[in-house]
1. Run the numbers for Glu94 and Asn211: contour at 0.36 nm per residue of separation, minus the present Cα-Cα distance, in nm.
2. Taking the highest mean first, how do the peptides 108-115, 93-100 order by number of other beta carbon atoms within 10 angstrom per residue?
3. May I ask which of Lys21/Lys99; Lys21/Lys152; Lys167/Lys206; Lys152/Lys215; Lys2/Lys99; Lys72/Lys187 have a Cα-Cα span longer than 21 Å here?
4. Grab the Cα-Cα distance for Ser185 and Glu164, subtract it from 0.36 nm times how many residues apart they are, and report the gain in nm with one decimal.
5. Test of understanding: what is the full-extension gain from Glu50 to Val252, defined as 0.36 nm times their sequence separation minus their Cα-Cα distance?
6. How charged is the neighbourhood of Glu98? Take every other residue with its Cβ under 11 Å from the Cβ of Glu98, and add Lys/Arg as +1 and Asp/Glu as -1.
Amino acid sequence: MKLSVITINYNNLQGLADTIKSVEAQSVKDFEWVVVDGGSTDGSRELIEEHSESIDVWVSEPDAGIYNAMNKGIRMSTGDYLLFLNSGDLFANEQVVEKVIPALTGEDFIVGSIFHSDKLGVKVFTEKDLKPERLAFLFTTYSFPHQSTFTKRSVFDRYGLYREDLKIVSDWVLLFQALVMHQASTKYIPVVVSIYDVGGVSAVNKQLYNNERDKVMKEWKYLSPYIKFYKDYYEMVHLINNNKLLYGLFRVFFYFNRKSKKK
């Protein structure tokens, strides 16, 4: 399976420099690297040109925002699996790609772990967490970090590219649709893939993040009772998530909601 690493950037020269250093340091080079710059004026284009021998394909031109740039990267790439490692994000160590490529075995989403750049707190997922019913709990408040999620190209063929009418949650929308609504396949790999730049857009603009998620949730009316309950009683639901009886009841609720949607 061929891997494409996609990096998007706009006027983040230092972050881009850090990401370039991280990608170039990988112990194996058997992957495609795509860089999409939004027409930066801070020297980013010149930096990309300096490292163009390491980059398979790149562009520096104005775009319509983060998801327009990410969609552009998808179209420019040719890999079977795609990983977004945007400017400021780093591979956790020099052996990440070497460890990951053998694990790209055909599932729709292959998920590793991340460190947060401010406190190096690791986010760990397990096979148990990746069951569709548990993902429905997880995804009303969280999402897989794109910095450690390897997405099969066919996912975008089935569900479309990222919504460009949203500024901050389109990756969550795609994951929710594929994983919770349609039970796309997943696999967890015990690899810390990346160090996440906590200065990114979604990290610093929590209000916009929550507002856009609420907007999308209202579009999915068949889920609204569950979502409202979950948001109102998050801590309680979190505590009972491992209760076998209540977990079983939720699975029944989840099943009939999906069944009614298909009619």
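1. 38.4 nm
2. Peptide ranking by packing, descending: 108-115, 93-100.
3. Lys21/Lys152; Lys152/Lys215; Lys72/Lys187
4. Value of the extension gain: 5.1 nm.
5. Going from the current span to full extension adds 67.1 nm.
6. Combined, the nearby Lys, Arg, Asp and Glu give 0.
Values quoted throughout were computed directly from the atomic coordinates according to the rules given, and no laboratory measurement underlies them. Worth saying up front: this structure is predicted, and the values here are computed from it rather than measured. FYI the Cβ positions are ideal-geometry reconstructions off the backbone, even for glycines, and counts take in every protein chain you see.
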